[in-house]
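Presented below is the structure to which this report refers.
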Amino acid sequence: MGAVPVEDTNTSADRPDPSAEPLPHPVTGAVFPSPVPAGAGWPDDVADADTPVATGPDEVAELATQSSLTEVTARSSVCRACPRLVTWREDVAVTKRRSFAEQPYWGRPTPGWGDAEPRVLVIGLAPAANGGNRTGRIFTGDRSGDWLFAALHRVGLANQPTSEHAGDGLRLAGVRIAAAVRCAPPDNKPSPAERDACSHWIDREVALVLPSLRAVVALGSFAWTAALATLSRAGVEVPRPRPKFGHGAEAQLEYSPRSITLIGSYHPSQQNTFTGKLTEGMLEKLFERAKSLAEFE
Ligand code: SF4
């Protein structure tokens, strides 16, 4: 990855001191400050000190364009384009939830993760402040992820049912997971401007994995809308009016010479799982459907 000198508009006074309280990673035992510097040895971190840093939406667009999948992963993981989200994710990384006080927090954007040539792409809204923002891996270390990975494991698309930390040995089979917005937002609500700024990362990622894709699973209505938008920008035919979100809703999207099926799922948030709106059986059935569409042998 070539270095693109891009000025960082966040002053050092705005940022938490990354040297504060180095703590051991729960799997590797290596010690990290929070937030974790690029290239410090965190499991699956593909960025390094030379990875170019976007400090605004135009720079996100510039750095995403023409990048490889590894470059998208690295560059999105060091992005600083949205000042409000940068402050939030780093503040959470330093203050920490009490139950994770002895762990280092990733405190950076959470990039897409999984198979590099997926048949199934799972799209979520954004990482959780004490989940992906702590572990550095999407849906890892929170209750939503517990449900998601358990379901993927039950249908044979993950090698283990749990996803607690990066470096825990989890592998997905033909599945990739990405967030529409890569920084944890306060109250799980990114602003329209933040959503738009981040769209360049998922646009590039989707464009790169499109040749192998057979199905896209959108977790929640925000992800459904984001999936339709990014697929449309990638050249997939999306009907108008746009298909409506619902649990189990499907939309056949033409991408010659085949189609891609978009499947809607209620988000496995505690709000949905505690109330019974989403059950384990519902989620499992949905991934069985995605698996059958993906025509795994
Ligand atoms: S939300 Fe996306 S665009 Fe904004 S800082 Fe995070 S990674 Fe960058």
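Annotation: extensible slack from Glu102 through Arg154 equals 15.6 nm (criterion: 0.36 nm per residue apart, minus Cα-Cα distance). Under the combined filter of DSSP loop state and at most 10 neighbouring Cβ atoms within 10 Å, segment 55-140 retains none of its chymotrypsin sites (Phe, Trp or Tyr not before Pro). Amide H to amide H distances under 5 Å link Ala158 with His153, Ala173, where only residues 5 or more positions off or on other chains count and H is placed in the peptide plane. Relative to the longest principal axis of the Cα atoms of the chain, the long axis of helix 83-95 lies at roughly 70 degrees. Can you tell me the orientation of helix 143-154 relative to the chain, as the angle in degrees between its alpha-carbon axis and the longest Cα principal axis, to the nearest 10? So the inclination is approximately 50 degrees. Counting other Cβ atoms within 10 Å as a rough exposure proxy, the listed residues Leu210, Leu172 run Leu210, Leu172 from fewest neighbours to most. When the chain is treated as a Gaussian network with alpha carbon springs shorter than 10 Å, the biggest mean-square fluctuation among Ala101, Ala251, Ala38 belongs to Ala101. How much of the DSSP beta bridge set in the chain is antiparallel, as a percent to the nearest 5? If we restrict to bridges inside the chain, about 45 percent are antiparallel. Prolate is the label for segment 95-151, because a/c, from the alpha-carbon gyration tensor with a ≥ b ≥ c as root eigenvalues, is 1.5 or above and a/b exceeds b/c. Largest first, the three principal axis extents of the alpha carbons in segment 15-294 are 51, 39, 29 Å in whole numbers. In summary, the lysines within cross-link reach of Lys291, defined as a Cα separation below 28 angstrom excluding same-chain residues under 8 places away, comprise Lys244, Lys277. A full extension of the chain between Asp91 and Ser212 corresponds to an added length of 39.7 nm, given 0.36 nm per residue minus the alpha carbon distance. Considering only Arg154, Arg176, Arg134, the Gaussian network model of the chain with Cα springs below 10 Å gives its largest mean-square fluctuation to Arg154. Please report the relative contact order for the chain, taking Cα pairs under 8 Å with a sequence separation of at least 6, and give it as a percent rounded to a whole number. So the answer I get is 17 percent.
No lab work stands behind these numbers, since they all come straight from the coordinates. For clarity, every value in this text was computed on a predicted model and none was experimentally measured. Methodologically, a virtual Cβ is constructed for each residue, glycine included, from the backbone with ideal geometry; neighbour enumeration extends over all protein chains shown.
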